[in-house]
1. If packing is taken as the average number of other Cβ atoms within 10 Å across a peptide's residues, how do 96-107, 116-127 rank, most packed first?
2. Using the Karplus equation 6.51 cos²θ - 1.76 cosθ + 1.60 (θ = phi - 60°), what ³J(HN,Hα) coupling, rounded to whole Hz, does each residue of the range 90-97 give in order, writing x for Gly and Pro?
3. Can you give me the long-range amide H partners of residue 152? Hydrogens built in the peptide plane at 1.01 Å from N, cutoff under 5 Å, separation of 5 or more residues or another chain.
4. When you count, for each residue, the other Cβ atoms within 10 Å and take the mean per peptide, how do 134-145, 81-92 rank with the highest first?
5. For residue 112, enumerate residues with amide H under 5 Å from its amide H, sequence gap 5+ or separate chain, H modeled in the peptide plane.
Amino acid sequence: MELTAIKDLMAQFDASSLREFSYKNGVDELLFSKNEAVASSPVEVAPIATPLANVPSAPVVEAPVSVEAPAAPVALSEGDEVASPLVGVAYLSPSPDKPTFISVGDSVKKGQTLMIIEAMKVMNEIPAPRDGIVTEVLVANEDVVEFGQGLVRLK
């Protein structure tokens, strides 16, 4: 496979919504991945592409392969996590033209609506379980949330 073809595939992969792509024929093997991998032991890096044996006039260019070190652990915000009681779509405001229910730094009272989760066309208000201050909003507007997933942190 020629270098220009590999570069073209890489550009198309970067522009796509795919997370992984692999290509294999008798001689060449390519694997592209946008997934972040955290390795606890040394990682062996296989060659990205092997030049065709029967193409003597094509120059062999090896692209440098870098393995990024795992990022430093992110400090968690203070406070207890308010978990989602159901699966659905999270809405941070009562309607698109209204302000959000809460923001980081807001003081909330027990029972105050933190957000709405839509499940099976039913809008379910998620109340604050206790008084506190919002230290982090863990979901974005219109995110699909799972049961038990963290929604907000309250201090």
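None of the figures in this text is laboratory data; all of them are computed from the coordinates on show. The model shown is predicted, which means the values in this text are computed figures rather than measured ones. Cβ: placed from backbone, ideal geometry, glycine included. Neighbour counts: every protein chain shown.
1. 116-127, 96-107
2. Computed from phi, the couplings for the range 90-97 are 8, 10, 8, 9, x, 7, x, 8 Hz.
3. Answer set, sorted by chain and number: 82, 138.
4. 81-92, 134-145
5. 128
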